[in-house]
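What follows is a set of notes on a single structure, which appears directly below.
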Amino acid sequence: MDNALQLRNIAKSFAGNTLFENVNLTVTTGEIVALVGPNGVGKSVLLKIIAGFIAPDKGDLTVLDKERNIHAKQFDAEIGIVIDKPAFNPAKTGFDNLHDLASINNIITSDKIATVMTTMGLDRHNHTKVKNYSLGMKKKLAISQAFMENQRLILLDEPFNGLDAQSILNLRQLMLELKAEGKTIIFTSHIQADIDFLADEIYEFNNQTILKKELQHE
Ligand SMILES: Nc1ncnc2c1ncn2[C@@H]1O[C@H](COP(=O)(O)OP(=O)(O)OP(=O)(O)O)[C@@H](O)[C@H]1O
């Protein structure tokens, strides 16, 4: 099976404070991988390195068959990401925000955006501006943009945070459907039930690196 991602000896420090060294991670295409560990160990930073938003200090990455130049910030349209503070325009509706983002790559229609919003429990005709969205609605909008363009690699930072019980079940289902379509998903979470339910592999931050953890559900 081919790999969606390979990280080799990735290191990252901020202001002399080492977050991690020698991070090695190979993710098979079509798998769901969970990154776990205490607050502040670097889970979000590692996702941002994979997305190309943050450059590592050392190491090599191959992402979706492309060798990454670690000295250049890069944006790969085949990667979808949900990060802590998505840059939505607060004065526009959810649909208009997704529409603006989609116009950059111009590969999906308005109908596709509407379908994705429905999948996420959002309504394209809701005229509420994003500044008046609830926490959960913002999270759903962020998740929508991470998969609406059929991205092959989907990076989800604490996707279940702020979602109600039914929405958590819906998102779990969606993640399994994306996996069935061959998408690769890496997510972070502190919620053991979601990790156990979804993850094909779990990697835990430990002593400034990551180690594979035993699965609990097999
Ligand atoms: N751009 C940055 N500049 C300086 N320090 C940063 C930057 N981004 C993250 N950090 C620091 O790196 C550390 C790891 O942050 P990160 O957000 O990756 O943690 P996390 O494992 O995702 O935590 P949590 O479980 O709380 O979400 C934190 O101490 C954070 O302050």
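The values are calculated or read from the model by the stated rules, or taken from the named source; none is laboratory data. None of these values were measured; they are calculated from a predicted model. In this analysis, Cβ positions are derived from the backbone assuming ideal geometry, glycine residues included, and neighbour counts consider all displayed protein chains. Remember, those area values only see protein heavy atoms, side chains included, never the ligands or the DNA or RNA. Shrake-Rupley method; radii C 1.70, N 1.55, O 1.52, S 1.80 Å.
Some notes on this structure:
For every residue, the table says whether it meets (1) of a type in the set (S, T, N, Q); (2) within 12 Å of the ligand (Cβ to nearest atom).
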position	(1), (2)
Leu5	no, no
Phe14	no, yes
Lys58	no, no
Val82	no, no
Pro86	no, no
Ser103	yes, no
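Conditions (1) open to solvent by 60 Å² or more (accessible area, probe 1.4 Å); (2) away from the ligand (no atom under 16 Å from the Cβ); (3) part of a loop (DSSP other than H, G, I, E, B), marked per residue:
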residue	(1), (2), (3)
Gln151	no, yes, yes
Ile154	no, yes, no
Asn161	yes, no, yes
Gln166	yes, yes, no
Leu169	yes, yes, no
Arg172	no, yes, no
Glu177	yes, yes, no
Gly182	no, yes, yes
Ile185	no, yes, no
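- In segment 35-46, the residues that are without any contact (Cβ under 8 Å) to a residue 12 or more places away in the chain form Cβ pairs under 9 Å with partners that are within 6 Å of the ligand (Cβ to nearest atom), at six or more places apart or across chains, as follows: Gly40/Leu19.
Conditions tested, residue by residue: (1) out of contact with any strand residue (DSSP E or B) (no Cβ under 7 Å at 6 or more places or on another chain); (2) under 25 Å from Ile50 (Cβ atoms); (3) open to solvent by less than 40 Å² (accessible area, probe 1.4 Å); (4) part of a loop (DSSP other than H, G, I, E, B).
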site: Asn69; (1), (2), (3), (4): yes, yes, no, yes
site: Lys73; (1), (2), (3), (4): yes, yes, no, yes
site: Pro90; (1), (2), (3), (4): no, no, no, yes
site: Phe95; (1), (2), (3), (4): yes, no, yes, no
site: Leu98; (1), (2), (3), (4): yes, yes, yes, no
site: Asp111; (1), (2), (3), (4): yes, no, no, no
site: Ala114; (1), (2), (3), (4): yes, no, yes, no
site: Met117; (1), (2), (3), (4): yes, no, yes, no
site: Ala142; (1), (2), (3), (4): no, yes, yes, no
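- For Ser103: the one exception among (1) assigned to a helix (DSSP H, G or I); (2) surrounded by 13 or more Cβ atoms within 10 Å (Cβ to Cβ): (2)
- Residue ID - most open to solvent (accessible area, probe 1.4 Å), chosen from residues in segment 38-48 that are under 23 Å from Phe197 (Cα atoms) and more than 6 Å from the ligand (Cβ to nearest atom): Pro38
- Inter-residue pairs, beta-carbon under 6 Å, first open to solvent by 100 Å² or more (accessible area, probe 1.4 Å) and outside any strand (DSSP E or B) and in segment 204-218, second modelled with pLDDT of 90 or more and not small (Gly, Ala, Ser), 6+ apart: Gln216/Asp196
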